[in-house]
Amino acid sequence: MDKKADSPQNIDEYIAQFPTEVQEKLKKIRKIVLEAAPEATEKISYQLPTFYLFGNLVHFGAFKNHIGFYPTPSGIASFDEELAPYKRAKGSVNFPLNKPIPYDLIDKIVRFRVMENLENAEGEKSKNK
């Protein structure tokens with residue numbers, strides 16, 4: 001079986017493969033990211049929905065028992081206290097499906113990442129002049 005052919009080619013296809021309840025959570029996260037980063041582009045990267053704005057902004061995805069959210073290590077470290085109740089790794093956090101998803105926190109993290117990517121892009125422009 002061709003793994004690539006079975007893989008979703010866009011975020012709509014990715015979301016459509018999950019049960020309705022999970023789809024609603026994924027759609028809400030997508031909406032939050034689009035509102036916080038309207039100029040970001042969508043793609044599938046690492047087989048996950050990805051938003052790109054002068055580099056990777058955030059990834060997210062659904063798993064058996066959680067929604068994985070990947071805002072890079074800086075996005076995790078900068079919200080360490082607020083993310084304390086959740087299982088985390090260096091650049092990711094797991095939001096259990098059986099608990100409320102902290103959409104307001106996701107919004108704050110995405111807005112932080114937008115500013116971070118914009119600042120990094122400006123710094124690169126300055127270096128290249």
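Values in this text are rule-based calculations from the coordinates and carry no lab data. Quick caveat: nothing in here was measured; it's all calculated off a predicted structure. As a convention, Cβ positions derive from the backbone with ideal geometry for all residues, glycine included, and neighbour counts pool all protein chains shown.
Per-residue ellipticity at 222 nm from helix content only, as computed over the chain with -39500 (n - 2.57) for each DSSP H run of at least four residues, stands at -14500 deg cm²/dmol.
Computed from label points 7 Å out along Cα-Cβ, the spacing between residue 20 and residue 98 is 2.2 nm. Backbone amide hydrogens, once placed in the peptide plane, bring residue 67 within less than 5 Å of 95, 97, excluding anything fewer than 5 places away on its chain.
Assuming R0 = 22 Å, what is the FRET efficiency of residue 43 and residue 115, from their Cβ-Cβ distance, to the nearest 0.05?
0.55
Remark: relative contact order (the chain) = 22 percent; criterion is Cα-Cα distance under 8 angstrom and separation of 6 or more residues.
As an equivalent ellipsoid, segment 63-129 spans semi-axes of 28, 11, 10 angstrom, where each value is the square root of five times an eigenvalue of the C-alpha gyration tensor, largest first. Each Lys and Arg Cβ is given +1 and each Asp and Glu Cβ -1; about its Cα centre, the chain then shows a dipole of about 240 debye. Considering the values (1) 20.1, 66; (2) 15.1, 51; (3) 15.0, 48, which represents Rg and Dmax of the Cα atoms in Å as calculated for the structure under consideration? Computed from the coordinates, Rg and Dmax of the Cα atoms in Å corresponds to (2).
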